[in-house]
Amino acid sequence: MRRKSGLHFGKEKKKVNVPIVKEVVAWTLECVIVLVIAFVFVYFIGLRTSVLGQSMAPTLENRQEIMINRFIYLLSDPKPGDIVVFLPNGNEKSHYYVKRVIGIPGDTVQIKEGEVYVNGELFEDEDEFAPILDAELAAEPVKLEEDEYFVLGDNRNNSEDSRYANIGNVKKEYIIGKAWFIISPYDSMGFIK
């Protein structure tokens, strides 16, 4: 038989190289997974801020950089003893404030004779703090509404916190997240208690 000469426009079946397709799909899937993990880490946990001032000393010192866990309060509410990061009165032009939660929604907080009382009982801190010299608004009982938190700095006599009218009770919507890890300076790096 003779072969036809000239151009051949017939359809030829191309073979698909299955191993290469599998490799490309696997590589693409791995890239998507890494991007999703990176997004979750940066958005929920990767936010960082600096501590300004000595209001949280000795727990946190001035100019320490901390990581904020924004994810945790999507699953649960702040608890007494948590160190939270918030914007005072939701003011987005303000720097982040870092304070410890003392009272949660429904609680009544009062400072008497230098001590903090929650619902009439002495607030039990894990650490010892100096007696509070100026109770300000908390000299009278402060009743927390459904979405409000009462916060104090650990350096109780050098802290702008819920005792003062310009901060007051902190609404949950103004809480950015929980302070959870010190990243700088390196000699103090570690989880925040």
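Just so it is clear, none of the values below were taken in a lab; they were calculated from the coordinates. Values in this document were obtained by computation on a predicted structure and should not be read as measured data. Glycine also receives a Cβ, built like all others from the backbone with ideal geometry; neighbour counts cover every protein chain displayed.
Mind jotting down the distance between the C-alpha centroids of segment 13-32 and segment 121-193, whole Å?
54 Å
What does the charge count around Leu137 come to, taking other residues whose C-beta lies under 11 Å from its C-beta (Lys +1, Arg +1, Asp -1, Glu -1)? Write out the running numbers ahead of the final one.
Numbers: positive: Arg163; negative: Asp134, Glu136, Glu140, Asp161.
Computed value for this residue: -3.
Expressed in nm to one decimal, what extension gain is obtained for the pair Ile183 and Asp125 from 0.36 nm per residue of sequence separation less their Cα-Cα distance?
On the way: separation 58, 0.36 × 58 = 20.88 nm, distance 2.50 nm.
18.4 nm is the gain from fully extending Ile183 to Asp125.
Measure nothing but the geometry: give the 0 to 90° angle between the long axis through the Cα atoms of 18-40 and the longest principal axis through the Cα atoms of the chain, rounded to 10°.
Roughly 10 degrees, rounded to the nearest 10.
Just checking my list (i) 0.93; (ii) 1.41; (iii) 1.44 against Rg/Rh (Cα atoms, Kirkwood Rh) computed from this structure; which label fits?
Of the listed options (i) 0.93; (ii) 1.41; (iii) 1.44, (ii) comes from this structure.
Sticking with the crude label model, points 7 Å out along Cα→Cβ, report the distance from Phe39 to Val25 in nm, one decimal please.
It is 2.2 nm.
Can you count the Lys pairs in segment 49-191 whose Cα atoms are under 19 Å apart, with each pair 8 or more apart or on different chains?
14
Of all GluC sites (Glu not before Pro) in segment 9-104, which ones are in loop regions per DSSP and have a Cβ with at most 11 other Cβ atoms within 10 Å?
Within segment 9-104, the qualifying GluC sites (Glu not before Pro) (loop, at most 11 other Cβ atoms within 10 Å) are Glu12, Glu92.
Order these peptides, 130-141, 108-119, 180-191, by their mean beta-carbon neighbour count within 10 angstrom, highest first.
108-119, 130-141, 180-191
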